[in-house]
1. Looking at the range 46-112, which trypsin sites (Lys or Arg not before Pro) are DSSP coil and have at most 12 other C-beta atoms within 10 Å of their C-beta?
2. Figure the gain on full extension for Ser68 and Arg82 (residue separation times 0.36 nm, minus the Cα-Cα span) and round it to one decimal in nm.
3. As an exercise, use a Förster radius of 30 Å and the Cβ-Cβ distance of Glu115 and Tyr60 to find the FRET efficiency, rounded to the nearest 0.05.
4. Quick one, what does Rg over Rh come out to for the range 109-164 if you take C-alpha atoms and the Kirkwood Rh?
5. Using Cα springs under 10 Å in a Gaussian network model of the chain, which residue among Gly171, Gly135, Gly12 shows the largest mean-square fluctuation?
6. Mind listing the long-range amide H neighbours of Ile72? Cut-off is under 5 Å, sequence gap 5 or more, other chains count too, H placed in the peptide plane at 1.01 Å from N.
7. So what is the relative contact order of the chain, in percent, for Cα pairs below 8 Å that sit 6 or more residues apart?
8. Taking all protein chains as present, what is the carbon and sulfur share of the accessible area of the chain, in % to the nearest whole number, probe 1.4 Å?
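The values are calculated or read from the model by the stated rules, or taken from the named source; none is laboratory data. None of these values were measured; they are calculated from a predicted model. Every residue, glycine as well, gets a Cβ built from its backbone with ideal geometry; the counts of neighbours run over all protein chains shown. With ligands, DNA and RNA removed, areas are computed over all heavy atoms of the protein, side chains included. Shrake-Rupley method; radii C 1.70, N 1.55, O 1.52, S 1.80 Å.
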Amino acid sequence: MKKDIIISGVGGQGIVSIAAIIGYAAVEEGLSFKQSEVHGMSQRGGDVSSHFRLSSEKIYSDLIPYGSADLIISVEPMEALRYLPYLAEDGWLITNTKPYENITNYPEIGEILSEIKKVPNNIAIDADQIAKSIGSPKSANVVILGCASAFLDIDYKKLENAIKLIFRNKGEEIVSANLTALSEGRKIAIG
């Protein structure tokens, strides 16, 4: 098993949390992984991304070459477009449709979504709205991860265990909200 994943978004959207959840689940699954993060200007709302490589075999590099990512997980639609050159022909793009408009010349969202829809394998959802509807507006990133979970080749239970571990110090309410967010996203991906 091998999965090359690009995780992208804007500073403060929980990109590091997504990577941590996948990482903990991968360890529990007995997989190897390498991760390389580029934080950019994350404290000012700049782009944040992570190259995340999973495998049942040894991994030699943490960087993913253009055209070979199996999956792009994006919490921001324009950031999803930024990383499309990495996506393999048969790869999947999972993205939020809600923009984080942190620049004055942010492109028209309709144009961005039109480009996303050109990707043959895509799931584009308003994760922010889903997170709000379950009473957890800060869990949009975990909703997106829930969608992506169908393509990770990691036991779903191990992703749940990772959430319990990562958020346990924030209290049972936060753990529960993130488990619900993961489940809601998963339902969208698997129907």
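1. Passing both the DSSP loop test and the Cβ count: Lys58.
2. Working: separation 14, 0.36 × 14 = 5.04 nm, distance 1.50 nm.
Between Ser68 and Arg82, full extension yields an extra 3.5 nm.
3. With a Förster radius of 30 Å, E is 0.35.
4. Numbers: Rg = 13.4 Å, Rh = 12.8 Å.
Computed over Cα atoms, the ratio is 1.04.
5. Highest fluctuation among the options: Gly171.
6. Ile6, Trp92, Leu93, Ile94
7. Computed value for the chain: 21 percent relative contact order.
8. Working: 4480 of 9240 Å².
On the chain, the fraction of accessible area on carbon and sulfur atoms equals 49 percent.
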